[in-house]
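K.L.:
Questions regarding the structure given below will be posed in turn.
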Amino acid sequence: MAKPRANDSTPHLWIESGDARETPLISVAPLAPIDKIYTFTATDEVAASLRIGQRVAVPFGRKGTVKPAIIVDVTTGPWTSTLRPIKEVIDSAGELSPHLLELGKWIARYYAAPLGRTLAAMVPQAVRLKRGFTTVRRVRLIASPEQLEGIRLGKKQLALIDALRTAGEPVESDALLTSVGASRATLRALLDKELVTEDVTKEAPDESGANVVTQPDFALNDDQQSALDRVTATLDAAEFRALLLFGVSGSGKTEIYIRAMQRVLAAGKQAIMLVPEIALTTQLVQRLAARFERVAVIHSGLTEVQRSLAWEEIRTGKTPVVIGTRSAVFAPCPNPGIIVVDEEQEPSYKNLQSPRFHVRDVAIKRAHLLGIPIVLGSATPSLESWHNALTLPSYERINLPNRVRDLPMPAVRMVDMRSEGSFIDAACMSRSLCRSLTSTLAAGQQAVLLLNRRGYASWLFCTQCGRRVQCPQCNANMVQHRTRNRMLCHHCHTSTPIPTLCADLTCRGPLQRGGGGTERVEAQLREEFPNARIHRADSDTMTDGRKYQALVDAFSAGEIDVLLGTQMIAKGLDFPNVALVGVIGADLASAGADFRASERLFQLVTQVAGRAGRAEASGEVVVQTSAPETPALRFALTHDYVGFATAELHQRKTFKLPPFVRMTRFVLAGGSDSQTVQEAQALVDRLRPHVDAIAPEQASLLGPHPCAIERLRNQYRHEVLLRADTPAIMMEILNRARHVNALRARGVTVMVDVDPVNLA
C-alpha cells in the first residue's frame, strides 16, 4: 500500500471507531454554464463564517482547476464520498435570504439559466466587495479571572484589561487605546498572550439623512379612493394578489402607489417600487422621494460606493422605501409588504443578458413567495397582464377611467401623409402639424414632438440602381448623422464617412436621402420657427442621466418651447403647459416582423398623447402616418385600449401567439452561415424528441429560419421558436433538454430567450 503524501491534508473518511465522520457540507453552483450543484467541505471555523450567496473558489475536475462558485447551502452531515475543501472565500458579503434564494432557483429553472450565474446577478459586485465600508477593529476580553491571576502585566496592560472588564463588551480599538493612553504595542502584547482578541469587520458609515417630507393637501377623487380601498383591503388580507391598476394617463396612479406604500410603512414593513428607466422617470422619483423620509434609489448610474451603501441600508431596514430599475427587484428588504411595478408594459424590464428574466414576472413571483400583494400600473397594460386579469383568479383589475380634476382626454387627429408629403419626406412635419405648432407657440404654450428614429436620414440609396448603403458587419441600413458628419450603424455602432456615390463600381450613381430622423426634423423646425426655443432629446444628446435631468428642469421652467425626441419623451413627463403633441411617422413602430409591433404602436401613441392637456387648457394630438388604416392607430385615436386589446387578443389566439401560449426563442449565431443553419437544424432535431415525449399536442417547434436582422456584428443569425400551451410544459421541455446538453451547439453560440419581448 502506498504511503500517504506528507502534504496530503485531506482528512480520513472514517474515524478509528468506524463511525461516519460529521463534517461541514458546502453546496455550490459554479459561475459557469453548468446546471449542477457540487459539494465541498471546510473546517468548522471557515464553515461558521460562510453564508448562502457568497462567492468561493473551489477546485473542479481531475486537475483541481480553481474556479469561482456561489454557495447555495451550508449544512453538516456524514461524508458519503471523498470531498475536497473549498480553497478560498472570494468575498465576505453577498448573503441571500431564504426567499431570495428560492426566487433565484426559480429564475434559473424558468429562464433556462445556470443557477450560479443567476444567483451572482442578484447581488451586485460592489455589494459583495463592500465598497465604501470602513474597517472597524474591536477588542474583547477572552481571558478568565483565573487566567489573569499570576500573570505579570505592565501598568498600561492592566489598564486595558480593567477598561475591557468595566465595559463588559467589545470596545473599538482606537477608542480603547485613547481612553487609557496606551500604544498599539501594548495591545499587541496582550494579543500575543491570548488574553484579548481583536475582531476586524467592515461596516457601513451612517451618513444618510432623512428627507424633509412634504405631504400635499388635496383629497383623492372617488375613482382614486375606490382604487386605494381595494389595494388597502388586499394589504390587510396579507396575501398574494396581483392588482392591475389600469388608469388613463393623468388619472392619478402615482398617488395610489404612494398612499399604499405609506400604509405598508406604518405597519413596519418595506416597499419596493420598480420603474422602467430612472432617467425617463425623473419626475416620478422626485415626487416619491419627497413623500418619504428615507428612500433608496437603485439604478445603473450609481457609483460602486453608492450602490454598496444603499444596499446595506436596505438590508438592515434603515431605508424602508426602494425605487429602482431592474436590479431593484432583488433589493434585500428584510420584511417587504408591497411591490409596485410602474409602467409594467415596458420592454426595458426585460434583462438582455443571461439570465434573461423579465423584471415584472420576477416581481410577481417574489410577491407570491412572500405572500404579499403586487400592483402593476399602466395606462396601456401588456396584453399578458390584461389577459391574466381576465382569466386568473389571483389577478384583479382596478380601473381609473378618468383624469384627475375631470380633465378631458386630449383630442387626437390623424394626418394622412400620402396626401400631405412625399415618400422621401414622409418622416418630416406635415402642413397640418406646422399650423398647430404655430398656434401653440403664439399662445405661449409648449409642444412635444415624437419621432422614434434618431439621425438625419434613415438610409441613403442610389437613384439609379436603388442600392442602399448598408453596414459592412450587419444586414441593416447605415443611418446618416449630420451633426457628426458620419454614417452610423445603430446595431453594432460601426461608423464610416458619408459617401456621395453608389458603392457598386458598375453603377457609381448619386445617392439620395430616404426617410428621416430627429436630426432632420430639428433642422426643419429651426428653419420654419427660427424664434422658437427647440431642444432635441435622443440617445445622441442625452448621453447620461444628468443631461436628462437638466432637460426636465429646463422644460419645467418654460425655457424650452418645443421638445423633439424619441420614445424617451413619450412617458414620465408631466407638464401642465404642454398643449400640443405631435407624433411623426407613427407607423414606423408597426414595421417589422415582430408580432408585438401593433401593441407597441398603440402603447407609444397613447403614452405620448397623454403628455398633452394635463392642465385646464385642453390638449391636441396630431398623429402623422402613411398607413391610416392601421387598426392600432384607429383605436389610439379614441384612447380605446379595451377595444384594441379585444381585437388584438382575438388575433393572437387565432395564430397561437402569446399570451395564449408560452414562447422560447433560440438564436444561433456564427461566422459561417451554412454552419449556423446546420446547427440550428440539429437543435430542432435534439429538441423534437423531448417535445414529442412531454406534450406532442400542446407544444411545437418553428424553424429554423433567418432572424429579422440576419447578420449582426459579422455573425449570421438563425432562430428556432418553441411554443407550449402552459409554463409548466415549457419548463419541463427546457429542463430535460438542458440536463442532456441538448441546448449546446458546435462552433456557434446559442442564446435561449424565454418569453422574448423582441424578435428582431
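K.L.:
Mind running the shape call on segment 186-298? Use the C-alpha gyration tensor, a ≥ b ≥ c as the square roots of the eigenvalues: rounded below 1.5 for a/c, prolate if a/b tops b/c, oblate otherwise.
P.N.:
Working: a/c = 3.31, a/b = 2.51, b/c = 1.32.
Note, shape of segment 186-298 comes out prolate.
K.L.:
Also, quick follow-up: If neighbour count is taken as other Cβ atoms inside 10 Å, put TRP106, TRP386 in order from fewest to most.
P.N.:
Neighbour counts put them in this order, fewest first: TRP106, TRP386.
K.L.:
Debye sum, Cα scatterers, the chain, no solvent: what log₁₀ I/I(0) at q = 0.04, 0.05, 0.08, 0.11 1/Å?
P.N.:
-0.22, -0.34, -0.81, -1.34
K.L.:
Now for a different question. Per residue of segment 501-508, what does 6.51 cos²θ - 1.76 cosθ + 1.60 with θ = phi - 60° give for ³J(HN,Hα)? Whole Hz please, x for Gly and Pro, Karplus curve as stated.
P.N.:
10, 4, 6, 6, 5, 7, 10, 6
K.L.:
With +1 on the Cβ of every Lys and Arg and -1 on the Cβ of every Asp and Glu, and nothing else charged, how large is the dipole of segment 25-123 about its Cα centre, in debye rounded to the nearest 20?
P.N.:
So the magnitude is around 460 debye.
K.L.:
Which value, in Å³ per residue, describes the convex hull spanned by the Cα atoms of segment 603-747?
P.N.:
171 Å³
K.L.:
Estimate the FRET efficiency between THR166 and ALA48 by the formula 1/(1 + (r/R0)^6), using the beta-carbon distance for r and 30 Å for R0, to the nearest 0.05. Write out the running numbers ahead of the final one.
P.N.:
On the way: r = 29 Å, r/R0 = 0.98.
Efficiency at R0 = 30 Å is approximately 0.55.
K.L.:
Then there's this: Considering the zone a paramagnetic label at GLU102 would reach in this model (a point 7 Å from Cα along the Cα-to-Cβ line), which residues of segment 48-76 have amide N under 16 Å from it?
P.N.:
In segment 48-76, the label zone of GLU102 (backbone N under 16 Å from the point 7 Å along Cα→Cβ) covers 73.
K.L.:
Let me ask something additional. How many nm separate the modelled label positions at GLN675 and LEU191, each set 7 Å beyond the Cα in the direction of the Cβ?
P.N.:
Taking the simple label geometry, GLN675 and LEU191 are separated by 5.7 nm.
K.L.:
Can you pull a Stokes-Einstein diffusion coefficient for segment 222-406 at 4 °C (1.567 mPa s), Rh from Kirkwood over Cα pairs, as a whole number of µm²/s?
P.N.:
79 µm²/s
K.L.:
Still on this structure: Enumerate the helices in the chain for which the Kyte-Doolittle hydropathy averages -0.5 or more and the C-alpha atoms extend at least 24 Å along the helix's axis, using complete DSSP H runs.
P.N.:
Working: long enough: 673-694 (32 Å, -0.44).
Sorted by number, the helices that extend far enough and score high enough are 673-694.
K.L.:
Another question, if that's okay. What is the set of long-range amide H partners of ARG397 at a cut-off below 5 Å, with H atoms built 1.01 Å from backbone N?
P.N.:
Answer set, sorted by chain and number: LEU244.
K.L.:
Lys and Arg at +1, Asp and Glu at -1: add these up for the other residues within a Cβ distance under 10 Å of ARG137 and post the number.
P.N.:
My count for the surroundings of ARG137 gives -3.
K.L.:
While we're on this one: 5 Å is the cut-off here: which amide hydrogens, built 1.01 Å from N in the peptide plane, fall below it relative to GLY252, excluding neighbours closer than 5 in sequence?
P.N.:
VAL404
K.L.:
Oh, and also: I need the peptides 410-416, 637-643 ranked by packing, meaning the mean over residues of other C-beta atoms within 10 angstrom, with the highest value on top. Please report the intermediate quantities before stating the final value.
P.N.:
Values: 410-416: 18.9, 637-643: 15.6.
Per-residue Cβ counts within 10 Å, averaged per peptide and sorted highest first, yield 410-416, 637-643.
K.L.:
Which whole-Hz ³J(HN,Hα) couplings does segment 141-150 yield from phi under the Karplus relation 6.51 cos²θ - 1.76 cosθ + 1.60, θ = phi - 60°, glycine and proline marked x?
P.N.:
7, 10, 7, 7, x, 5, 5, 6, 5, x
K.L.:
Right, something else. Quote the charge dipole size of segment 662-754 about the Cα centre in Debye, to the nearest 20; the model charges only the Cβ of Lys and Arg (+1) and of Asp and Glu (-1).
P.N.:
280 debye
K.L.:
Give me the number: length gained by fully extending ASP206 to LYS318, i.e. 0.36 nm times residue separation minus the C-alpha to C-alpha distance, one decimal in nm.
P.N.:
39.3 nm
K.L.:
Sticking with this structure for a sec: For segment 244-301, compute the orientation-averaged projected area of the C-alpha convex hull (one quarter of its surface), in nm².
P.N.:
Over all viewing directions, segment 244-301 projects a mean Cα-hull area of 4.6 nm².
K.L.:
Additional query: Rounded, prolate or oblate for segment 712-751? Axes are the square roots of the Cα gyration tensor eigenvalues, ordered a ≥ b ≥ c, and the cut-off for rounded is a/c under 1.5. Don't skip to the answer; put the middle values down first.
P.N.:
Working: a/c = 4.15, a/b = 1.72, b/c = 2.41.
Taking the square roots of the gyration eigenvalues as a ≥ b ≥ c, segment 712-751 is oblate.
K.L.:
Rank by packing, highest mean first: peptides 174-186, 347-359, with packing defined as the count of other Cβ atoms within 10 Å averaged across residues.
P.N.:
The packing order, highest mean first, is 347-359, 174-186.
K.L.:
Return the distance in nm (one decimal) between the two label points of a simple spin-label model at GLN353 and ARG138, each offset 7 Å from Cα along Cα→Cβ.
P.N.:
Between GLN353 and ARG138, the label points sit 3.7 nm apart.
K.L.:
Which order, highest average first, do 63-69, 229-235 follow once you tally other Cβ atoms within 10 Å for each residue and take the mean per peptide?
P.N.:
For the peptides 63-69, 229-235, the packing ranking is 229-235, 63-69.
K.L.:
Could you calculate the contour length gain from ARG405 to ASP199, that is, 0.36 nm times the residue separation minus the distance between their Cα atoms, to one decimal place in nm?
P.N.:
On the way: separation 206, 0.36 × 206 = 74.16 nm, distance 6.08 nm.
Result for the pair: 68.1 nm of gain on full extension.
K.L.:
Something else: Taking the Cβ of PRO334 as the center, what net charge do the other residues with Cβ under 13 Å away carry, scoring Lys and Arg +1 and Asp and Glu -1?
P.N.:
0
K.L.:
Moving on to the next point. Quick one: Karplus J couplings for segment 625-630, per residue in order, coefficients 6.51, -1.76, 1.60, θ = phi - 60°, nearest Hz, x for Gly and Pro?
P.N.:
3J(HN,Hα) across segment 625-630, in whole Hz: 7, 9, 9, x, 7, 4.
K.L.:
Give, as a single signed number, the net charge of other residues whose beta carbon lies under 11 Å from the beta carbon of ASN402, with Lys and Arg counted +1 and Asp and Glu -1. Can you show the working numbers first?
P.N.:
Working: positive: ARG403, ARG405; negative: ASP222, ASP223, ASP406.
Computed value for this residue: -1.
Only the coordinates and a few stated rules stand behind these numbers; no lab work does. For clarity, every value in this text was computed on a predicted model and none was experimentally measured. No Cβ is skipped: glycine too gets one built from the backbone with ideal geometry, and neighbour counts run over all protein chains shown.
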